[in-house]
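The values are calculated or read from the model by the stated rules, or taken from the named source; none is laboratory data. For clarity, every value in this text was computed on a predicted model and none was experimentally measured. Here the Cβ positions follow ideal geometry from the backbone for every residue, glycine too, while neighbour counts run over all protein chains shown. We work out accessible area using only protein heavy atoms, side chains counted, and drop any ligands, DNA or RNA first. Shrake-Rupley method; radii C 1.70, N 1.55, O 1.52, S 1.80 Å.
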Amino acid sequence: MNQTICQFSFSLSAWNIVCDKVLSKEDWLREPEDWWQHEFTDFAPKLAFLPPLKRRRLNLSARLFFEAAWNLLEEDANIPVIYASLNGEVNRNFQLWHSLLTENELSPTSFSLSVHNVLVGQWSEFRGVTAETEAITANGDNLEIALLEAYLLLNEGHRKVLVICGESPLEQQYNATPVERFPFNYSLALLIEQGHDYQLTLSTQPHTKMKINSSLEWVRMHYSDSHQWTTRSSNGETWKWCKK
């Protein structure tokens, strides 16, 4: 018998996704398997809203993070931020291990930029955020868990919460398992507030369909004007999405 584990609702006032590739609406409507096969045009975020000195401090993951989220907020950006990523700075971490094993030394700067909360730390610094910031990893359902955390923060009295999910593909030179690879670098930013535009339900029903990254699936469902779909939880259970 299927049982409901949790259920919550929220509304979305703005969103944006930025990738290191140029994807049209038609590209997002492709089957996910096609994203791996198609050769997309490269894209590099310009970050025109930042002075050159600050731009130089940001790697690709941070640039995508900032490009996706910056214009969603007005001047008052002091709201809670939840950053969710499965692998985080995975390539930098592999590079650090390689440097340690082959040269017996590490770059202090590179090491400080490898921690999971570095991106929300940089965001807090650049945008003057003193509200709560979080960096989480929840395996395959990072988006849903981040939204659940945002819902709880809204119930504590916050008017809006910024949710950002981002991933980078593991470089092909690293043959590591189990690590989920992604078709391109991306950052998905969602500005969440109280409401009932979306309802998320986690149930004990086993999710038997192919595992799909839930952030990219959300974008695909948005462009297809879908109102109901399911994604897989970290434990193989089912998240059911309902959109009004």
*Karplus (6.51, -1.76, 1.60) ³J(HN,Hα), θ = phi - 60°, over the stretch 33-41, in Hz, Gly and Pro reported as x*: 4, 6, 4, 6, 8, 7, 9, 8, 6
*asked:* What are the extents of the Cα atoms of the stretch 173-244 along their three principal axes, in Å, largest first?
replied: 44, 28, 22
*Between the stretch 113-148 and the stretch 37-92, what's the alpha-carbon centroid distance in Å?*
12 Å
*What does the convex hull of the alpha-carbon atoms of the chain project to on average, in nm²?*
14.5 nm²
*On the protein heavy atoms, probe 1.4 angstrom, tell me the percent of accessible surface of the stretch 49-90 carried by carbon and sulfur.*
47 percent
*Provide ARG63, ARG127 ordered by accessible surface of protein heavy atoms (probe 1.4 Å), highest first.*
ARG63, ARG127
*Taking a threshold of 24 Å on the Cα-Cα distance, which of the pairs LYS25/LYS243; LYS160/LYS243; LYS54/LYS160 fall above it?*
LYS54/LYS160
_How large is the direction-averaged shadow of the alpha-carbon convex hull of the stretch 108-244, in nm²?_
10.3 nm²
*Have a look at THR231, THR137, THR204 and tell me which one the Gaussian network model of the chain (Cα, springs below 10 Å) gives the largest fluctuation.*
THR204
_Derived scalar couplings ³J(HN,Hα) [the stretch 235-244; Karplus, 6.51 cos²θ - 1.76 cosθ + 1.60; whole Hz; x for Gly, Pro]_ = 9, x, 8, 10, 8, 9, 9, 10, 10, 6
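Provide, as a two-decimal number, the C-alpha radius of gyration of the stretch 53-99 over 2.2 N^0.38 Å, N being how many residues it has.
For the stretch 53-99, the normalised Cα radius of gyration comes out at 1.44.
In the stretch 91-188, what GluC sites (Glu not before Pro) fall in a loop by DSSP, with at most 10 other Cβ atoms inside 10 Å? Intermediate results must be reported in sequence, preceding the final value.
Values: sites: GLU103, GLU105, GLU125, GLU132, GLU134, GLU144, GLU149, GLU156, GLU167, GLU171, GLU180; in loops: GLU105, GLU132, GLU156, GLU171, GLU180.
For GluC sites (Glu not before Pro) across the stretch 91-188 that sit outside H, G, I, E and B with at most 10 neighbouring Cβ atoms in 10 Å, the list reads GLU105, GLU156.
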*Where in the chain are the helices, taken as whole DSSP H runs, whose Cα atoms extend 30 angstrom or more along the long axis and whose Kyte-Doolittle mean reaches at least -1.0?*
none
*Of every Cα-Cα pair in the stretch 4-135, the percent that sits beyond 17 Å*: 70 percent
